[in-house]
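Read the structure below first, then the notes.
The values are calculated or read from the model by the stated rules, or taken from the named source; none is laboratory data. Nothing here was measured: the structure is a model prediction, and the numbers come from that model. So basically every Cβ, Gly included, is an ideal-geometry build from the backbone, and we count neighbours across all protein chains shown. SASA here: full protein model, heavy atoms, side chains in, ligands and nucleic acids out. Shrake-Rupley method; radii C 1.70, N 1.55, O 1.52, S 1.80 Å.
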Amino acid sequence: MCFGTPCRGKGGCAMWLAGDHHVHTQYSGDGKYRVIDQVRQARAHGLRWIVITDHGGATHAKLGVEKVNPDILQAREAHPDILVFQGLEWNVPAAEHATVFVHPGREEVAVLREFESRYDGGVTGSTAVTDAHKELALSGLGFLADALTDRRVEDALFLANHPSRRGLDAPRDLRNWRDAQPHIAVGMEGAPGHQAAGLPATRGPGAYRGNYSRTPGPDSHPPYPPESYRTFGGFDWMTATVGGLWDSLLAEGRPWWITVNSDAHDVFGDTSVRGPGSDFAGDGRHADPVYGGEPNRVIGDHWPGQYSRTHVGADALSYQAVMDGLRAGRVWVDHGGLLSGLHARLRADDRTAGLGETLTVRRGDRVELVVDVASATAPNWTGTVPTLARVDVVQGDVTGTPADPDAFCAPGTKVVRSFEVDTSARTVRLTYDLGRLDRPVYVRLRGTDGKRGAPGLRGAAVDPHGPAMDVRGGVDPWQDLWFYSNPMWVVPF
C-alpha cells in the first residue's frame, strides 16, 4: 500500500497534489497582487497547482485575459515545480460565479477571451434569472465542449463557486450543468474562500466566514431556507447538511465533486496596498502593490494554501493529471492543515475502489470501508499542530433521479458511524463494515478537530455531531477545522 496516495482499484499508486482553483490578482478590479506573488505564496504553503481566476467582465474580456498571460507564462518558467493554470471567474448567466479554466496551450487565451465575451453574464447583461439566460449558460458550457472537440484546447473544467452565497444556484441548475457537459461541469466549492472574515472584531474583520452575509434576494431560489445563506464549520450549506443538497445529487448516483480554495483578493495580516496611480479601466490591471503599511485587519482572505487545501489524486505532476484527478473525483479537502494524509477505499475480497470510484460487487457480498488517516505533523499558520478528534462515515442509498429537479434532500442519508481518533498515533486505520449489500449505496467521510459542533439541520438522528452554524465575528476559523472527502459508490449486481 502507498499510504497517503490514492491507490485505485486497478492497482498502482499516484500522488496527492494540493492546490487552489480560485485565486485573484491585480487583473481583477478588486484584486491587487501580482501573479508571481500568488504563485510564490502558494508554493510556500505547500501547493503544487493553482488557477488564476480573475473576475470576468467587460474590462477583463477586453484587456485582462490577454495581458495576464505573459505573467502566467513567466511564473510557469520561474517555478516549474508548481502548475499555474489560466482561467477566469465566470459570471454565470442567471446564476452565481464559477471557475472556468483550460489546459495550457497555443489557444488558451483566445478560447477564454471568446468564451468570456460571448457568455459572461456581466459582459452580456444576462445576470438576471430568466430561462433565456439559463440557456445562455448551457451554451457557454457547450462552447467549451466545442473547443475541446476542435482541439483548440486540450481540456477545460467548470466548478461552481460559493454556490449558496446568494441563493442563485437552484438545484436544477447544478443538475442541468452536469447533465449538459459532464466532462466539463464536475463540481462546486464545498467551502468558500474568505474564511478569515469570521475572525472576531477584536483582532479581525468581525464578519461571516466566506462573506456569507446575504439574505434572500429577488432572484434567489425561493425554497432555500434562511440557514442556507450561512456557512457551517466554514462549509457551504449544500455540503455541510447531511442529507441535504449535495447528498441528494450523490443519492442519484450523480458524480458531483466538492473542492475548497482561498478566493484570495486581499490577505488578512498583509502589509501591502494597491499600487498608486492605478487605472484599471484603461490598463486592465492595477499597479503593482507597495509593501510596508499597517497589517490588514479588515479583509478576510488567506493566501493560497494557507488555510484551505484541495488534495487531488494525480498520476503525475502535470496539468492533464490534475484535471483528470478533479474530473474523476479523486479529491479530499481540509482546512487549517488538519490532516497530512488520507487514504480511503471500499473493499470486497480483493477488489477495491477509491475516492470518486464505484465498486461493483455480487449481490450479498460483504463490503468494508477502510480508511487510513495520517495526523498533522507540522504547525499551521497559528503555530500549533492541529489535532483530529473524530471521523464520521456518511452513508446513503442510491435512489435514482428524483421526480422534482429542484429536490435538495436525501432522506435516507445519515451518519452511520463516528470514530473517536487516537490523537497520540501518527497514523490511524479505521474500518467500517457496510455488511452484505443488496442495493446500491454511497459513502463519504467527514472529520473535525472537535472544538465546535451541533446536531445537523436534519436532526440528531441523522447527524448527531455536525458542524455548527457560523455566527458573525464569533468563530475563529482556526479553532473550527474540518475535512471532507468525495464519495465512493457500491453497486451490487
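Quick rundown of the values:
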| read-out | value |
| --- | --- |
| Which numbered condition His162 misses (of (1) open to solvent by 10 Å² or more (accessible area, probe 1.4 Å); (2) within 21 Å of Pro467 (Cβ to Cβ)) | (1) |
| Failed item, numbered, when Val394 is tested on (1) open to solvent by less than 30 Å² (accessible area, probe 1.4 Å); (2) out of contact with any helix residue (DSSP H, G or I) (no Cβ under 9 Å at 6 or more places or on another chain) | (2) |
| Wholly within region 70-179, helices (runs of 4 or more DSSP H) carrying at least 3 residues that are more than 25 Å from Arg254 (Cβ to Cβ) | 108-119, 121-124 |
| Single residue of Leu138, Leu174 found to be surrounded by 24 or more Cβ atoms within 10 Å (Cβ to Cβ) and farther than 30 Å from Trp478 by Cβ | Leu174 |
| Conditions (1) open to solvent by 10 Å² or more (accessible area, probe 1.4 Å); (2) under 12 Å from Cys409 (Cβ atoms); (3) of a type outside the set (S, T, N, Q): number failed by Met238 | (1) |
| Test result for Pro411, outside any strand (DSSP E or B) and either of a type in the set (S, T, N, Q) or exposed (fewer than 15 other Cβ atoms within 10 Å of the Cβ) (or both) | yes |
| Selection count, region 359-376, where residues are surrounded by 20 or more Cβ atoms within 10 Å (Cβ to Cβ), of a type outside the set (Val, Ile, Thr) and in a strand (DSSP E or B) | 3 |
| Residue among Ala281, Ala321, Ala287 that alone is of a type in the set (A, V, I, L, M, F, W, C) and under 30 Å from Arg175 (Cβ atoms) | Ala321 |
| Residues within region 277-320 that are surrounded by fewer than 19 Cβ atoms within 10 Å (Cβ to Cβ) and assigned to a helix (DSSP H, G or I), tallied | 4 |
| Some residue of region 335-349 being open to solvent by 40 Å² or more (accessible area, probe 1.4 Å), touching a residue at least 24 places away in the same chain (Cβ under 8 Å) and within 18 Å of Trp257 (Cβ to Cβ) | no |
| Selection from region 15-33 of residues that are crowded, with 20+ Cβ neighbours inside 10 Å and either without any contact (Cβ under 8 Å) to a residue 40 or more places away in the chain or more than 15 Å from the chain's Cα centre (by Cα) (or both) | Trp16, His24, Thr25, Gln26, Tyr27, Ser28, Gly31, Lys32, Tyr33 |
| Criterion (outside any strand (DSSP E or B) and open to solvent by 20 Å² or more (accessible area, probe 1.4 Å)) met by exactly one of Arg429, Arg439 | Arg439 |
| Among residues of region 241-264, those that are open to solvent by 20 Å² or more (accessible area, probe 1.4 Å) and at negative phi, counted | 3 |
| Any chance Ala132 is aliphatic (A, V, I, L, M) and either in contact (Cβ under 8 Å) with a residue 40 or more places away in the chain or open to solvent by less than 10 Å² (accessible area, probe 1.4 Å) (or both) | no |
| Search result, residues across region 414-426 that are without any contact (Cβ under 8 Å) to a residue 40 or more places away in the chain, in contact with a strand residue (DSSP E or B) (Cβ under 8 Å, 6 or more places away or on another chain) and outside any strand (DSSP E or B) | Asp422 |
| Subset of region 101-127 [more than 16 Å from Arg152 (Cα to Cα) and either open to solvent by less than 40 Å² (accessible area, probe 1.4 Å) or free of Cβ contacts under 8 Å to residues at least 12 places away in the same chain (or both)] | Tyr119, Asp120, Gly121, Gly125, Ser126 |
| Members of region 161-188 found to be without any contact (Cβ under 8 Å) to a residue 40 or more places away in the chain and touching a Leu at 6+ places or on another chain (Cβ under 8 Å), listed by number | none |
| Hey, Arg417 open to solvent by 50 Å² or more (accessible area, probe 1.4 Å) and within 24 Å of Ser248 (Cα to Cα) or not | yes |
| Breaking point among (1) out of contact with any Phe, Trp or Tyr (no Cβ under 6 Å at 6 or more places or on another chain); (2) within 18 Å of Ala160 (Cβ to Cβ); (3) buried (at least 24 other Cβ atoms within 10 Å of the Cβ); (4) not hydroxyl-bearing (Ser, Thr, Tyr), for Ala42 | (2) |
| Number of the condition not met by Gly383 [criteria: (1) over 26 Å from Ala461 (Cβ atoms); (2) open to solvent by 80 Å² or more (accessible area, probe 1.4 Å); (3) outside any strand (DSSP E or B)] | (2) |
